[in-house]
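> Would you mind keeping the following structure in view while I ask a few things?
Here, each number is a calculation from the coordinates, and none is a lab measurement. Bear in mind that the values here come from a model prediction, so they are computed numbers and not experimental data. With ideal geometry, Cβ positions are generated from the backbone for all residues, glycine too; neighbour counts draw on all protein chains shown.
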């Protein structure tokens with residue numbers, strides 16, 4: 001399935017936004033929280049994770065937690081890469097893990113690398129206590145797991161790509177950001193989600209994002 | 001680090017203008033912490049949020065604690081000490097490294113820490129989905145310590 005072509009010269013709705021309408025970061029990237037979420041999910045489901053899965057889990061954990069509580073679990077900005085929305089910070093962290101493994105056979109702190117030849121997976125060497133997570137964080141991780149890993153396992157990579165490029169609300173927010181060459185805007189993410197779930201009231205969450 | 005007040009620009013809201021944040025609890029294992037921000041009592045956006053939160057049924061003591069910063073903070077630099085809403089409903093969990101990137105402007109006195117920790121516990125009691133059990137345990141310990149030794 002081809003990824004929708006996006007013409008960067010087309011009119012960009014977001015360009016008419018004032019700066020205050022664009023929110024690309026709600027809090028800085030928390031690398032410890034990223035590690036905790038990935039380790040917890042991989043251990044809970046007894047499933048080593050690929051780089052693609054870790055990148056998408058970060059995005060969807062933060063998206064679902066922000067929709068629920070107005071704050072991400074991990075943080076950082078989300079860039080509209082060709083393969084879909086990805087946090088530059090977690091991409092950089094995992095690239096560093098890969099580099100250290102490939103150059104020095106060094107394992108990332110708290111994880112073990114499984115080398116499958118064509119790709120690497122990681123599994124946790126230690127698992128965080130589930131009392132380190134709030135109920136809302138656990139719920140966001142559960143939903144993210146469904147959108148990322150279960151979708152991949154059930155319908156394959158192309159279905160996952162469609163979700164992150166056009167089919168899902170996050171795909172539509174990605175498309176807007178991609179057309180402008182800017183980070184994903186949290187207001188767009190919430191608006192696109194609201195378009196699918198108009199029975200839910202997101203006004204307080206949007207007000208919370210502005211402070 | 002606990003009780004330290006930093007000027008932090010955590011999001012790009014307001015063109016990334018910084019606000020004071022107090023470190024309420026730290027997690028040594030995870031090397032992160034929970035911070036609560038302060039806003040001027042006459043700020044438009046904080047009052048807009050408080051209005052919506054009240055409409056949703058939240059009580060004021062679950063949303064903020066109002067403190068006179070001149071009385072509750074020992075400032076370590078020149079900083080306008082205003083009456084402020086410390087917005088407990090807007091707590092964030094951040095890496096300690098990210099917090100230390102901000103400018104430290106002072107130290108919250110134990111009485112202020114006690115007020116903020118109590119409000120976070122009140123929030124967790126009415127909204128138990130928000131804070132982790134370990135965070136609530138740490139907050140209860142903090143309140144206990146502050147009540148046993150108010151000067152600590």
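> At a threshold of 8 angstrom on Cα-Cα distance, excluding pairs fewer than six apart, so keeping six or more, what relative contact order does chain B reach in percent?
Contact order relative to length: 26 percent.
> OK, next. Short version: what are the Cα gyration tensor semi-axes of chain A, square root of 5 times each eigenvalue, largest first, in whole Å?
The equivalent ellipsoid of chain A has semi-axes of 28, 20, 16 Å.
> Could you work out which residue, out of A:167, A:201, A:188, moves most in a Gaussian network model of chain A, that is, has the largest mean-square fluctuation with Cα springs under 10 Å?
A:201
> What angle do you read, to the nearest 10 degrees and between 0 and 90, between the alpha-carbon axis of helix A:135-145 and the longest principal axis of chain A?
80
> Hey, how many Å between the Cα centroid of segment B:105-120 and the Cα centroid of segment B:1-77?
11
> So, one more: Counting other beta carbons within 10 Å of each residue's own, what order do B:104, B:119 fall into, fewest first?
Ordered by Cβ neighbours within 10 Å, fewest first: B:104, B:119.
> Tell me, A:107, B:108 in order of fewest to most beta-carbon neighbours within 10 Å?
So the residues, fewest neighbours to most, are A:107, B:108.
> Which of these, A:151, A:49, A:57, has the largest mean-square fluctuation under a Gaussian network model of chain A (Cα springs below 10 Å)?
Sorting by GNM fluctuation, first place goes to A:151.
> Please arrange B:79, A:169 by how many other C-beta atoms lie within 10 Å of their C-beta, fewest to most.
In order of increasing Cβ crowding within 10 Å: B:79, A:169.
> Any chance you could list the semi-axes, whole Å, largest first, of the equivalent ellipsoid that the Cα gyration tensor gives for the protein assembly as shown, using √(5λ)?
So the equivalent ellipsoid measures 35, 25, 18 Å along its semi-axes.
> Please express the shape of segment A:161-207 as an equivalent ellipsoid: the semi-axes are the square roots of 5 times the eigenvalues of the C-alpha gyration tensor, given largest first in whole angstrom.
So the equivalent ellipsoid measures 20, 14, 6 Å along its semi-axes.
> Most mobile of A:45, A:58, A:194 per a Gaussian network model of chain A (Cα springs, under 10 Å)?
For chain A, modelled as a Gaussian network with Cα springs under 10 Å, the answer is A:45.
> Continuing with the same structure: As an exercise, take the mean of 1/r over every pair of distinct alpha carbons in segment B:1-111, invert it, and state the Kirkwood radius in angstroms.
14.4
> Using a Debye calculation, one point per C-alpha and no hydration shell, please list log10 I(q)/I(0) for segment A:57-138 at q = 0.13, 0.19 Å⁻¹ in order.
-0.53, -1.02
> Let me ask you something else. Let me test this: with uniform point scatterers at the alpha carbons of segment B:52-152, what is the Debye-based log₁₀ I(q)/I(0) at q = 0.15, 0.22, 0.24 1/Å?
Taking Cα atoms of segment B:52-152 as identical point scatterers yields -0.71, -1.34, -1.40.
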